[in-house]
Amino acid sequence: MSISKIINKRISPEYVLLGFLYHGPSHGYELNKRLADEFGYIWRVRQSQTYNILNRLELQGFISSTAVEQEKLPPRQLLHLTEAGIQRFTAWLNTPTRCSVHAIRVEFVTRLYFTRQYYPARTQEMIRIQLAELRAGIKRLRVTRASLAGDHTFDRLALDLRIRLLNSILGWLKECEEAIISQNGHGGDHK
């Protein structure tokens, strides 16, 4: 796999920032603090990285900013989600996470948070879709493993480990689904 493909598969906290702005306008400092407070065990992001991501999102047209005057201080930038940003966030929210332990731990948990936050009635269906995606991915890995030549011992071992880890995530997703089903009064969509 080339370096460019690896870089393109990196998971970015940009969707966390878009998700926070989906709720309403905010300042960069507040977004960074909220990211650390609410996703500190999932995302490790320095404040400078948050500002770099926000600048990139603004250049790409997904967010806009307005200057808010302050007494005896420089103006603060109030960030807003644009229509393109709303479309980008909701498209991401409705896309299953790829079959990867890291992606499930980081990206799926983030999606689950925002689905539960903004569209609680869709949470159970989201989990079911992710379960199907994971089962299909495990099946593909098993086919790949079965096709390996006998001298590919370490490839086989690596695939065995990946399959086992993904099977444990299947169990965890089923627990998530059961927890959602058992909750009463989860309400309708917020938006």
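The values are calculated or read from the model by the stated rules, or taken from the named source; none is laboratory data. Keep in mind that this is a model prediction, so the values were computed, not measured. Methodologically, a virtual Cβ is constructed for each residue, glycine included, from the backbone with ideal geometry; neighbour enumeration extends over all protein chains shown.
Among all positions in segment 80-102, there is at least one residue which is among the charged types (D, E, K, R) and farther than 22 Å from residue 177 by Cα. Just one of the numbered conditions (1) outside the structural domain of residue 64 (by TED's automatic domain parsing); (2) modelled with pLDDT of 95 or more is not true of residue 117: (2).
Annotation note: of 164, 156, 140, the sole residue that is in a helix (DSSP H, G or I) and surrounded by 13 or more Cβ atoms within 10 Å (Cβ to Cβ) is 156. Taking residues in segment 75-101 that are closer than 18 Å to residue 56 by Cβ and touching a residue at least 12 places away in the same chain (Cβ under 8 Å), and partners anywhere that are among the hydroxyl-bearing types (Ser, Thr, Tyr) and outside any strand (DSSP E or B), the pairs with Cβ atoms closer than 7 Å and at least 6 places apart or on different chains are 81/22; 86/22; 89/15; 89/22; 92/15. For residue 135, indicate whether it is without any contact (Cβ under 8 Å) to a residue 24 or more places away in the chain, part of a helix (DSSP H, G or I), among the charged types (D, E, K, R) and surrounded by 11 or more Cβ atoms within 10 Å (Cβ to Cβ). So residue 135 fails the test. Determine, yes or no, whether residue 24 is surrounded by fewer than 15 Cβ atoms within 10 Å (Cβ to Cβ), outside the structural domain of residue 139 (by TED's automatic domain parsing) and at pLDDT 95 or above. Yes; evaluated as a whole, the condition is true for this residue. Within the option set 67, 84, being within 28 Å of residue 26 (Cβ to Cβ) and modelled with pLDDT under 95 holds for one residue only, 67.
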